[in-house]
1. Please give the number of the condition Val396 fails out of (1) within 11 Å of the ligand (Cβ to nearest atom); (2) in a loop (DSSP other than H, G, I, E, B); (3) over 24 Å from Pro324 (Cβ atoms).
2. If Thr245 satisfies every condition in (1) part of a helix (DSSP H, G or I); (2) open to solvent by 30 Å² or more (accessible area, probe 1.4 Å); (3) among the polar types (S, T, N, Q); (4) under 24 Å from Cys418 (Cβ atoms) but one, which is the exception?
3. Tell me which residues, restricted to the stretch 419-441, are touching a strand residue (DSSP E or B) at 6+ places or on another chain (Cβ under 7 Å) and near the ligand (Cβ under 7 Å from one of its atoms).
4. Does Arg259 fit the bill of being open to solvent by less than 80 Å² (accessible area, probe 1.4 Å) and among the basic types (Lys, Arg)?
5. Given the criteria modelled with pLDDT of 95 or more and more than 15 Å from the ligand (Cβ to nearest atom), does Ser189 qualify?
6. Of all residues in the stretch 340-375 being at pLDDT below 95 and within 26 Å of Gly408 (Cβ to Cβ), which is least open to solvent (accessible area, probe 1.4 Å)?
7. Taking the stated definitions as given, is Trp300 assigned by TED's automatic domain parsing to the domain that holds Gln184, farther than 27 Å from Ala70 by Cα and outside any helix (DSSP H, G or I)?
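The values are calculated or read from the model by the stated rules, or taken from the named source; none is laboratory data. Just so we're clear, the structure is a prediction, and the values are computed from it rather than from any experiment. Note: ideal-geometry Cβ built from the backbone for every residue, glycine included; neighbour counts use all protein chains shown. To get the accessible areas, we keep the full protein, side chains included, count just its heavy atoms, and leave off ligands, DNA and RNA. Shrake-Rupley method; radii C 1.70, N 1.55, O 1.52, S 1.80 Å.
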Amino acid sequence: MPVGNSIREALTGGRFCYIVELVASQLTREAKLLDVAVRLSQVPGVVGAGITSYAGGAMGHDPVRVGTAARARGLTPNIHITCVNKDRHTIRRELEDLIALGIENVFAITGDYPKGLDAANIASPYDLDSVQLVEFINELREAGHPFYISAAVSPFKYTEADCAYQYLKLEKKIAAGADWAITQLGYDSRKFRELKRYMDERGLHVPLFGNVYVLPAKAAQRMSKGEPPGCWVAPELVERIQEETQQSTDKGLAARLERAAKMVAIVRGLGYAGAYLGGDHQADRIRWIIKRSEELAPRWEELAEEISYAPKDAFYMYEGPRPPKKKRGFWLRLADLGEPANTPRFLRGLLTAAYRWIDRRPALARAFERAELSFKEPVFGCKACGNCVLGLTEYVCPMTCPKNLRNGPCGGTLNGQCEVFPDRACVWVNVYERAKAADRVEDLKVFIPARNRALEGTSSYINYFLNRDSRPEHPVRLVQIGPAPAAKPEPDATLVPK
Ligand code: SF4
């Protein structure tokens, strides 16, 4: 085991512990953050700090720089790596910086959509999704770099599709190499319990951290409107926090620290491996929360009853009947027949020869690609990525997701609506509903690798039959893209199959 990684040591040792989030936003002076790091490193039970990047969709300080400085002050960093505004080469460079600095802990997340971008009129600022990012880091680990990977999961989703897909995606992240997981924030013990049960039932024994956010009134109000994306606070809780704020001389501070301590006691009682503390990083308050949570520990079940804020008619996986599945339409059944993966064996050889013949004639190949697009664009919203996975995503094109995700929804959905376009349903809701109608929900666990971008604008049929595209049976390994280029990203022609 590598020496000096207190997070890895605490988690592999099974010791309940704490990680405190340091938001490296532009609003916080870096010197102040580092002063905080010194103090936190002296709090018993705190084994590290989560160093955020792009929190709430806004640029902050460089998390690698802040993390390195925090480590020099005795606090082990867990660096947030997002997929926002970066292609695979830039991410590779960031990971190589971490390798050079000897930083092992990374939190691999998709990241909030950048604020202020005109999403309807620009290309997606995402190249990889969080599952592909975990896979990428794991590939580097297999090449000898000892990354310790954490991944996010949000149990606080209150429609079936949203909730089930979050859990399916967590399974994918674990299969791709995530060592431990951290929940999104929420104030619903039944959801904390649900997630733990889901993992236990499936033998997913990776350490799980419960997010405990010290929630002041203003943040509660913002979160009740889904801001930042993925965070949600019930109106009853907002009201209660407002009362606490107005009726006390300390503006509700004691009440919110007490609530945080109760939540720590609850996640500990439920068998979580630790608490991820956010919203306050003052060492004396963190120390108080930890101590108080220990006093409250014997009462955790009663406290779980108290902290259970959820919307009306909320979906819970193990409570109440599941909504019935919808009927699978004729067109979807027809689409199954036309799916290249379902091509009968006797036709495969024939089609491969025909596509090879077309491919050798560039003008014909271009005409074929245009014909393919003229059909797939109006029907599926196809963007000619050249690596078609429609058959794996229930004929919903992943390129229609504003983040271009391929492995399921981000954590930003709110009641099934998209983080980027709140007036639209998240595209993955449709994927889930259709998979459920076809009894294929388990198939959604299949890892879909990053697309080979060198194939953009080419025929996906030709690429499929000539085995050039990137898909589950023929994945490309991101680690083999070679050293990160200095300036303009190279095309991905160097991607090679596993
Ligand atoms: S479509 Fe779904 S996964 Fe894509 S950005 Fe919107 S909420 Fe996130």
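1. (3)
2. So the condition that Thr245 fails would be (4).
3. Matches in the stretch 419-441: Cys426 only.
4. Yes; evaluated as a whole, the condition is true for this residue.
5. Answer is yes for this residue.
6. Step by step, filter the stretch 340-375, then rank; the result is Pro340.
7. no
Table: residues versus (1) open to solvent by 10 Å² or more (accessible area, probe 1.4 Å); (2) in a loop (DSSP other than H, G, I, E, B).
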| position | (1), (2) |
| --- | --- |
| Cys385 | yes, yes |
| Asn404 | yes, yes |
| Asn407 | no, yes |
| Asp423 | yes, yes |
| Arg434 | yes, no |
